[in-house]
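Undergrad: Handing you a structure now.
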Amino acid sequence: MANGATTTTTTAAVATPSLLMRPVAWIPEARRRQLGIALLIIAAVIFPFYIDSNDADVDSMANAAAYATLALGLNIVVGFAGLLDLGYAAFFAIGAYTYGVLTAYQLQPPWNSFWEVFHTLGLAAPVPADIGDGMVVHFTLSFWLALPLAGGLAAFFGILFGFPTLRLRGDYLAIVTLGFGEIVPIVVRNWSDLTNGAAGLNGVAAPQLFGWSFGVNSVPYYYVAIIMVAFGIFFSIRLRDSRIGRAWMAIRDDEIAAGAMGVDRTKFKLLAFAIGAAFGGMTGVFYVAKLQTATPEMFGFPVSVMILVMVVFGGIGSVWGVVLGAFILQLLQSWWLQDLTQWTQAFGKLVGSNVLAHADFVQSIELIFGLILVFMMLFRRQGLIPAVRAQKALSFDQQHAEVRRGGFSDLKLQGLGGDVRTGAAALEIKGVTVRFGGLTALNKVDITVPTGSVVAVIGPNGSGKSTLFNAITGLVEAEEGSIRFHGEELIGLAPHEILQKGVARTFQNLRLFINMSVLDNALVSQHSRLKTGVFRAIFRPPSTRAEEKGAREWAMEVFAIFGNRLVPRVEQLVTGLSYANRRRIEIARALASRPRILLLDEPTAGMNPAETLELAEQIKSLNDLGLTVLLIEHKLDVVTRLADTVYVLDHGDVIAAGKPDEVRKDEEVLRAYLGRNAQAAAAGVT
Amino acid sequence: MTYTDLMVQQTINGLSLGAMYSLLALGFTLVYGILELINFSHFNVFMIGSFVAMWTLQLFGLSGQDVILTGLPLAGVLLVAFVVTMGFCGGLGVVIERVTLRPLRGLSGPAAMITSIGVSYILFNLVLLTVGADSKNFPNPLPTIRYNIGGAVLDVRVILIWIVAFLLMLGLYFFVQRSRMGKAMRATAQDAEAARMMGVEVDKVIMMAFFLGSALAGAGGLIFGLYYNFTSFIIGFTAGLRAFTAAVLGGIGNVPGAMVGGVLIGLIEAMGGQFIATEWTDVIIFSILVLVLVFKPSGLFGRVAPTKS
């Protein structure tokens, strides 16, 4: 199309298939994924039969599938939510020992009538005591019941560990989780009465299905493991692509922005921890049932590291990646290193080399883990299968955008603003004081933002403007004063609660969710307006699908404010966009949360004069729709054009307030911006 | 032994352990202060230092406690052992930094920490695969002279350990506080960007921090061997946990804090082992770690926890 025409339809650019994909390029893309999964399922189901049902090999695959489930669980914690957990094996241990203790012969309280209830429920049985007379209790918890039970117990411990510690940042959280990860096996080892200590539990019951016990045959365990990992993959993908997954990734990318966009960080961090722990607990039950024993050594720091290596190797945050990573590393241990050892030893004997004839590569698995960690971090941080998909290039027309003056009058944007200038105050800031140590950033500041108006705050650098926004949105706590929004007090509320009340902001230095797409950024800010929880995220009932569809449509409407700049780029990662576009996304993201007041912190920074005026007029159009605006700006032409009232801050004090023209001539303001000499000179000239 | 005797004995033990943990914690905290990196490989450098010291002493013909030296030969042998061990470990630390950590500098997130876990694993397993899992007899040329304090015993090597550790810590403290490079290090720890703008070669400062820290770890390894008369591939992990807790307890990034923390943890380990039970010592130490991080992340002396997330 010729220059100037802007369009809101997106023409998908045709991508030439890469070399790897050419053989299957004839299959339509939508079908490729389904076909691949179908083939995978078939291969998994018939595996025990075409491998000559060699029990050891089937057993190895079952182990690999179990570790893949663990890797999926850790992936939720580390990959989705960005919480580095170095003690994940603790949950594995909790699940394992729950099942182990409740089915082995370890706990044997004397039998009495109290246990009758459990007997009828099938959870306990009387058996003759080893020592002395009488009967003792033998717990007979069913494997199938233990799975959710242990998962729940592990989740409970996840919340217990997480509650005091999840507010710690990155490194510190990793160390604390490492601490917990070590405390659990040590407690297990020392609490011999409960766990039989270092000798380990024995006699752990095998699972039973309709009376038939699994025994020591690997094949039924293999199928259970495959089903477990399949569920794990399904749950992970569903969670990732839902409101929950977006909230996690927002927390991972920028916690502060996530809170400012309405995500309850504490709740979602605990949720990630709990779900990850549940995966670990359930896998623990399976593992111990298969091994029919449990020892503390199976759950130490090396195991936590191994699962982390699987996640890093496969791709942090990538569901299929971590499964692949787990399978490769587990089979490396079980199959390939043994084969390599045998071949090398045979070769060594052939060649007469003593060193080679006694080589043992199986021992070197931990060395390989270390090498993998270092290599992956240095050379391929995204892992085998990166979590982020490659993006298609835009066509020329999609890239081309022209400045559009005049705001937008064609968009309705229902549900945004809608407030009428009644004269009542939308935002009432009274006597707010903020101190950082000895520095008073804001000193008894009074600002009133009438409903439906545009109020600008200006002032030299360091005058406290951004601190004011931080105080309003709950990022810093005001020591004195009150901030009322439509009558409700905001001081003391958490940032996500303030967003829910209808106060949305942008950040001066941009706090976009850099590893998420443009569209996802605008979906995160709708987090508090959507209602899908974990259950609905996984099963996607029609209500959830309608909700998601509505959220996407609303986001596209908001993007349309900016012409064709953002609309063709909605699937792209925000890192690839120009600075001005990123500023626009920051605004669009705030608007998508359907606020009643929009706090803009230097929205036109970095834009050229034409783009600046374009944005100013777009803000004016928003205000005409009924959105109250509080604006920090340096460009005085924008302020004059937009603002009904201007407040001037200097060193934390409001030194002037009034209409833009009045403020421009105010002597105090001139002194603050330009200094005494300039002010005197100006006074002399005018 | 009377109760007082036990207390005195365990205080002596605790201070000896504490000397070792302080040296380890110091090296660790030096790196953290500048890079805000939890360097897991530090403690296996300590383990390697112990082996290097063992081999150096064996080169002198020393073996177990068969050969005893005194006076000048003793001083000479020990001096050489310290210099070689500290030099080697310092060099190893610099290599680790240059090869595995410098490419990742500036990356936010856990990339550098994960890499240091990988390096730690590599060092640990290389030693395990080459020398085996058994404990090695550490050559100890010190004469067994014992002093009695009431019912408690004070061995001459304990005095030596105290003196050496104290001198090293004193040396480090003066270096960091008085020398030009020390000032550069402190500046970089506060604000690397600003230091760069003031003409500080940040790359060299980081290299020096790794060199010094790893050299101290090596000295700690030699002291471990002299104290326990053995060394093995696993000592990095066990001593590492304690030294790590010591660094955190004192305030991670804080040099005097690491010294105080090391002594405290040494005393806790000795007393805990005596009056509670040795199996539970690990749990106690880990619990201290968790409690400090949860309730007072800045430790006893540290500044408020740094801004990196």
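Undergrad: With a cut-off of at most 15 other beta carbons within 10 Å, and DSSP calling the residue loop, which chymotrypsin sites (Phe, Trp or Tyr not before Pro) in region A:191-260 qualify? Please list them.
TA: A:Trp191, A:Phe210
Undergrad: For the residue pair A:Phe114 and A:Ser353, what label-to-label distance in nm results when each label sits 7 Å from Cα along the Cα-to-beta-carbon direction?
TA: The two pseudo-label positions are separated by 6.6 nm.
Undergrad: Now for a different question. For region A:449-534, which trypsin sites (Lys or Arg not before Pro) are both in a DSSP coil and crowded by at most 14 other Cβ atoms within 10 Å?
TA: In loop regions of region A:449-534 (DSSP not H, G, I, E or B), the sparsely surrounded trypsin sites (Lys or Arg not before Pro) are A:Lys531.
Undergrad: How long is the gain from A:Arg545 to A:Ala30 if the chain were fully straight, where each residue apart is worth 0.36 nm and the alpha carbon distance is subtracted?
TA: Between A:Arg545 and A:Ala30, full extension yields 183.5 nm more.
Undergrad: With labels modelled as points extended 7 Å from the Cα through the Cβ direction, what inter-label distance (nm, one decimal) is found for A:Ile385 paired with A:Ala56?
TA: Modelled inter-label distance: 2.9 nm.
Undergrad: Further question: Give me a comma-separated list of calculated 3J(HN,Hα) values for region A:83-92, in order, Karplus coefficients 6.51, -1.76, 1.60 applied at θ = phi - 60°, integers in Hz, x for any Gly or Pro.
TA: 3J(HN,Hα) across region A:83-92, in whole Hz: 9, 6, 10, 9, x, 4, 4, 4, 6, 4.
Undergrad: Relative to the first principal axis of the alpha-carbon coordinates of chain B, what is the inclination of helix B:180-190, with its axis defined by its Cα atoms, in degrees from 0 to 90 and to the nearest 10?
TA: It works out to around 60 degrees.
Undergrad: May I ask for the distance between the Cα centers of region A:243-309 and region A:448-498, given as a whole number of Å?
TA: Here the answer is 36 Å between Cα centres.
Undergrad: Between A:Asp130 and A:Leu331, what's the calculated FRET efficiency when r is the beta-carbon distance and R0 is 41 Å? Round to 0.05.
TA: Working from the Cβ atoms, E equals 0.50.
Undergrad: What is the helix-to-structure angle for B:255-275, meaning the angle in degrees between its Cα long axis and the longest Cα principal axis of chain B, kept from 0 to 90 and rounded to the nearest 10?
TA: 40 degrees
Undergrad: Calculate how steeply helix A:301-314 sits against the longest principal axis of the alpha-carbon atoms of chain A, using the helix alpha-carbon long axis, and give the answer as 0 to 90 degrees to the nearest 10.
TA: 60 degrees
Undergrad: Moving on to the next point. Mind checking A:321-329 for the average number of partner chain beta-carbons within 10 Å of each residue's beta-carbon?
TA: Rounded to a whole number, the mean comes out at 0.
Undergrad: Please report the base-10 log of the normalised intensity I(q)/I(0) for region B:261-300, using a Debye sum with one equal scatterer per alpha carbon and no solvent, at each q in 0.22, 0.28, 0.35 (1/Å).
TA: Treating every Cα as an identical point scatterer, log10 I(q)/I(0) equals -0.70, -0.94, -1.10.
Undergrad: Between B:Glu201 and B:Leu79, what is the label-point separation in nm under the 7 Å Cα-to-beta-carbon projection?
TA: 3.0 nm
Undergrad: Let me ask something additional. Sort the following peptides by mean Cβ neighbour count (other Cβ atoms within 10 Å, averaged over residues), highest first: A:35-42, B:286-293. If you can, show how the numbers build up before the last one.
TA: Working: A:35-42: 11.9, B:286-293: 20.5.
Peptide ranking by packing, descending: B:286-293, A:35-42.
Undergrad: Also, I was wondering about something else. How do A:Ser318, A:Ser113 rank when sorted from fewest to most other Cβ atoms within 10 Å of their own Cβ?
TA: Arranged by neighbour count, lowest to highest, A:Ser318, A:Ser113 become A:Ser113, A:Ser318.
Undergrad: Percent of Cα-Cα pairs more than 40 Å apart in the protein assembly as shown, please.
TA: Result for the distance tail: 53 percent.
Undergrad: Where the centre of each part is set by its Cα atoms, how far does region A:320-358 sit from region B:21-97, in angstrom?
TA: Between the Cα centre of region A:320-358 and that of region B:21-97, the gap is 35 Å.
Undergrad: May I pose another question? Shielding by partners for A:301-309, please: the mean number of other protein chain Cβ atoms within 10 Å of each residue's Cβ.
TA: If you average over the peptide's residues, the count of other-chain Cβ atoms is 2.
Undergrad: If we count trypsin sites (Lys or Arg not before Pro) as exposed when they sit in a DSSP loop and have at most 15 other beta carbons within 10 Å, what is the longest stretch of chain B that avoids them all?
TA: Values: sites that count: B:Arg105, B:Arg303, B:Lys308.
That would be B:106-302.
Undergrad: A further question follows. Take peptide B:234-244, look around each residue's Cβ out to 10 angstrom, count Cβ atoms belonging to other protein chains, and average those counts.
TA: Across the residues of B:234-244, the mean count of other-chain Cβ atoms within 10 Å is 1.
Undergrad: While we're looking at this one, here's another question. Could you name the lysines in cross-link range of A:Lys430, using Cα to Cα under 23 Å and dropping any fewer than eight places away on the same chain?
TA: Answer for A:Lys430, where 23 Å is the Cα cut-off: A:Lys444, A:Lys465, A:Lys501, A:Lys659, listed by chain and number.
Undergrad: Now for a different question. Residues in region A:236-266 near a label at A:Ile159, defined as backbone nitrogen under 15 Å from the 7 Å Cα→Cβ point?
TA: Output list for this probe position: A:266.
Quick note: the coordinates plus some simple rules give every number you see, no bench work behind them. Keep in mind that this is a model prediction, so the values were computed, not measured. FYI the Cβ positions are ideal-geometry reconstructions off the backbone, even for glycines, and counts take in every protein chain you see.
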